[in-house]
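Participant: Let me begin by handing over the structure; questions about it come next.
The values are calculated or read from the model by the stated rules, or taken from the named source; none is laboratory data. Only a predicted model underlies this, so the values are computations on that prediction, with no experimental measurement involved. FYI the Cβ positions are ideal-geometry reconstructions off the backbone, even for glycines, and counts take in every protein chain you see.
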Amino acid sequence: MSDDLRDEPFEPAVVHSDVVYNGWVWNVRSDRISYGDGEIVREYVDHTGAVAVLALDDDDRVLLIQQYRHPIRYRDWELPAGLLDVPGEDPMLAAQRELAEETDLVAREWEQLVAAWTTPGGNNELIRIYLATGIERAEAAHERTDEEADIRTRWVPLSDAAEAVLDGRLRNGILAIGVLAAERRLRR
C-alpha cells in the first residue's frame, strides 16, 4: 500500500473574491487567483458541506431512500444525507440527526466510512459518509415536507446495491462511494 498517495493542499493567492449569487442554500463565488505566470478566474458553488449515512442492518442490507431531485429530474435512490447547515454542529451529530429526520431510525454504532469532494471543479463540498450499525426505530416520527414528504425507503442487500452501481442502474455519486466503500470494508 502506498501511504504517500494523497491529495495535497495548495493555496494560490486569491487576488479577488466575490459572491456573484447569494442563494437560499448556498452561494456562487467568483475568485481571481494568481496561478503560474498569470491569473485565472474560477466560479464555484460555495457549499456548507454535508453528511450521508450508510445504515447497515444485521443481515448486511443497506437502507436506501428515494426522493425527487429537481436538477436531474429523477427520483433517485440515495443514502440518507443532509447539509451541515447548523453552525458549529459536529458532522457525526449531523449524520445522526439526518438519519432520524429522514427515516425515523437511530443507530447504536457510528464511524466515519469515507469522505469525498463531490465535484471539486464546481464546488467546495466535502461530504463525510458514516457507517451506522445497530439500527433501531426512533422513539418519535419526524414530519417531512417538500421533497422529503414522499421519501420511499428500501432495505437492499449491500452486494445488490453494489451491482446496481456498477451496472449503472444507481447513479447517485454519494450512494456509489458509500456502497462500494462499505462493501470493500466488509470484505476485509
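Participant: Anything in the stretch 60-83 that is in a loop (DSSP other than H, G, I, E, B), hydrophobic (A, V, I, L, M, F, W, C) and over 15 Å from Ala182 (Cβ atoms)? List them, or say none.
Facilitator: Within the stretch 60-83, none qualify.
Participant: OK, next. Among the residues of the stretch 11-32, write down those that are without any contact (Cβ under 8 Å) to a residue 12 or more places away in the chain and surrounded by fewer than 12 Cβ atoms within 10 Å (Cβ to Cβ).
Facilitator: The answer is Glu11, Asn22, Gly23, Trp24.
Participant: What's the number of the condition Gly134 fails, among (1) at negative phi; (2) at pLDDT 95 or above; (3) not in a helix (DSSP H, G or I)?
Facilitator: Of (1) at negative phi; (2) at pLDDT 95 or above; (3) not in a helix (DSSP H, G or I), only one is false for Gly134: (1).
Participant: Further question on the same structure: So Val86 clears everything in (1) part of a strand (DSSP E or B); (2) aliphatic (A, V, I, L, M); (3) over 15 Å from the mean Cα position of the chain (by Cα) except one condition, right? Which one?
Facilitator: It fails just one condition, (1).
Participant: Also, quick follow-up: Evaluate the stretch 146-159: report whether one residue or more is surrounded by 13 or more Cβ atoms within 10 Å (Cβ to Cβ), touching a Lys or Arg at 6+ places or on another chain (Cβ under 8 Å) and within 28 Å of Pro9 (Cα to Cα).
Facilitator: no
Participant: Scan Val51, Val25, Val45 and give me the residue that is β-branched (Val, Ile, Thr), touching a Pro at 6+ places or on another chain (Cβ under 9 Å) and closer than 30 Å to Gly168 by Cβ.
Facilitator: Step by step, each of Val51, Val25, Val45 is checked, and only Val51 is β-branched (Val, Ile, Thr), touching a Pro at 6+ places or on another chain (Cβ under 9 Å) and closer than 30 Å to Gly168 by Cβ.
Participant: I need the strands (runs of 3 or more DSSP E) fully contained in the stretch 1-59, keeping only those with at least 2 residues that are in contact with a Gly (Cβ under 7 Å, 6 or more places away or on another chain).
Facilitator: Passing ranges, in order: 38-46, 50-55.
Participant: Answer yes if at least one residue in the stretch 169-177 is touching an Asp or Glu at 6+ places or on another chain (Cβ under 6 Å), at pLDDT below 95 and not aliphatic (A, V, I, L, M), and no otherwise. Walk me through how you get there before you give the answer.
Facilitator: Quick first cut of the stretch 169-177, residues touching an Asp or Glu at 6+ places or on another chain (Cβ under 6 Å) only: 172, 175.
Next, only the ones that are at pLDDT below 95 stay: none.
No, the conditions are met nowhere in the stretch 169-177.
Participant: Further question: Specify which of the listed residues (Val106, Val114) is of a type in the set (A, V, I, L, M), in contact with an Asp or Glu (Cβ under 6 Å, 6 or more places away or on another chain) and in a strand (DSSP E or B).
Facilitator: Exactly one residue qualifies, and that residue is Val106.
Participant: Out of Leu84, Leu170, Leu126, which single residue is in contact (Cβ under 8 Å) with a residue 12 or more places away in the chain, within 18 Å of Ile65 (Cβ to Cβ) and surrounded by 13 or more Cβ atoms within 10 Å (Cβ to Cβ)?
Facilitator: Just one listed residue meets the conditions, Leu170.
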